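Heads up: the structure comes next, in structure tokens.
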There are 2 protein chains.
Amino acid sequence: MKILIIGATGMAGSALVTEALGRGHQVTALARSTEKLAQLPTNDQLTTKVQDAFALTTADLTAYDAVIDAFATAPAQAYRHVDLATHLVAQLRDTTTPRLAFILGAGSLTTGTDHHLFVRDIEQDPQAAAFVSVPQNQLAELTFLRTVTNVNWVGVSPAANFHPGPAVPAIQGTDELLANAQGTSGTSAGTMAVAILDELTTPKHHQTRFTVADR
Amino acid sequence: MKILIIGATGMAGSALVTEALGRGHQVTALARSTEKLAQLPTNDQLTTKVQDAFALTTADLTAYDAVIDAFATAPAQAYRHVDLATHLVAQLRDTTTPRLAFILGAGSLTTGTDHHLFVRDIEQDPQAAAFVSVPQNQLAELTFLRTVTNVNWVGVSPAANFHPGPAVPAIQGTDELLANAQGTSGTSAGTMAVAILDELTTPKHHQTRFTVADR
């Protein structure tokens, strides 16, 4: 597959680049920093590109089989998660290719016996004040995506602690925050990358969101 | 006020142009057709502009005190209602001026003792099949807008029958489909124009939607 990875130098993006190259896909890694792109592994299947994702056109995007949105931004501009999703969707209305995969936060998952949004818990944590705008806007991003019926999109949420690290055996769910048998709710970037590449290779979720966690 | 009206030659847009000029505002009427723009009233406070609304930049928009989205499109491309709203919002993040006013459909209003969405009734009507995508997408548009907390927006829905005609005495509500004492649920383009210009002059609704109907 020809895969475009937006935000390719971040924690999730760089794990996706490695996983996709390992599977023999033709990868284009897009980011804002030439320096960070230069740190990606050298591979003749990898093309790096410094480009503003908000300037990607329909022609740019339809050159790929799949586009993965692993964009990250400063909490003060967390609304850009929403704006990039709306931009990508607007460019791809009434298409089925490329498949658009969005990495969403854990905040839009539900938890507890009353199935409340996990972001409501994050909002109660004073230590999260500096970055709570990110899960709030990733919830808005999913809310928007759920209204989109004519673009081939899928969303993936990690568990509570989205952390660097290689893939480990995983568990999957739909809209409920997952924890493993030890009660730990975490997803490594490697586990996320495997889940997304598996989904792109063998689509199981259509215009919906699923979640993956380390087992 | 300097007011930009998008979709200025349509039923709602042309009524807005007339009402705004009548109140002495400085109006820029934007549309895709030179011919239709030429049919608007001649007035030294009116500027007409043929421009793709999807190409409006932050600099274009911030030249106005208010921007009214009266965009209309063919049902097959009804998603463009959503895409224009997301485009305008993305250009105006973290601003308070211009105020953005969106004309939404009646489909996102609730009705009946169970407060179901009126669009669910429209979907049951075989005669509405040809245009039901419009209220469906205007509901998606409102769903998106409701996630937006850092742009100065307001939405206005008409009653069930949005029709041409001059302003008449009106009733207002929030999220419930309105009908008059005779049981008629209608809003004239003139009534809508008055409600929007009143709201822009004396803001009463902040980042929310209200509805207006002919009394």
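The values are calculated or read from the model by the stated rules, or taken from the named source; none is laboratory data. These numbers were taken from a predicted model, which means no experiment stands behind them. With ideal geometry, Cβ positions are generated from the backbone for all residues, glycine too; neighbour counts draw on all protein chains shown. Please note that ligands, DNA and RNA were not included when accessible areas were found on the heavy atoms of the full protein model with its side chains. Shrake-Rupley method; radii C 1.70, N 1.55, O 1.52, S 1.80 Å.
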Point to revise | Residue list for the stretch A:126-135, restricted to those being open to solvent by less than 70 Å² (accessible area, probe 1.4 Å) and either away from chain B (no Cβ under 14 Å) or part of a helix (DSSP H, G or I) (or both) | key: A:Ala128, A:Ser133, A:Val134, A:Pro135
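From A:Ala29, A:Ala78, A:Ala12, grab the single residue that is touching a strand residue (DSSP E or B) at 6+ places or on another chain (Cβ under 7 Å) and within 16 Å of A:Gln138 (Cβ to Cβ). Give the steps one after another, and end with the answer.
On the way: A:Ala29 fails: within 16 Å of A:Gln138 (Cβ to Cβ); A:Ala78 fails: touching a strand residue (DSSP E or B) at 6+ places or on another chain (Cβ under 7 Å).
Only one candidate passes the filter, namely A:Ala12.
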**Study point:** Residues of the stretch A:31-56 that turn out to be within 14 Å of chain B (Cβ to nearest Cβ) and open to solvent by less than 60 Å² (accessible area, probe 1.4 Å), as a count
**Key:** 4
Check your understanding: For B:Ala72, which of the numbered conditions (1) under 21 Å from B:Thr211 (Cβ atoms); (2) modelled with pLDDT of 95 or more fails to hold?
Key -> (2)
Revision key, fill the gap. Of (1) part of a loop (DSSP other than H, G, I, E, B); (2) surrounded by 14 or more Cβ atoms within 10 Å (Cβ to Cβ); (3) more than 13 Å from every other protein chain (Cβ to nearest Cβ); (4) not acidic (Asp, Glu), B:Ser108 satisfies every one except (3)
Revision key, fill the gap. By residue number, the members of the stretch A:62-94 that are away from chain B (no Cβ under 14 Å), surrounded by fewer than 18 Cβ atoms within 10 Å (Cβ to Cβ) and out of contact with any Lys or Arg (no Cβ under 6 Å at 6 or more places or on another chain) are A:Thr62, A:Ala63, A:Ala72
Practice item. Kindly establish whether A:Phe118 is open to solvent by less than 50 Å² (accessible area, probe 1.4 Å), farther than 16 Å from B:His87 by Cα and under 15 Å from the mean Cα position of the chain (by Cα). Key: no
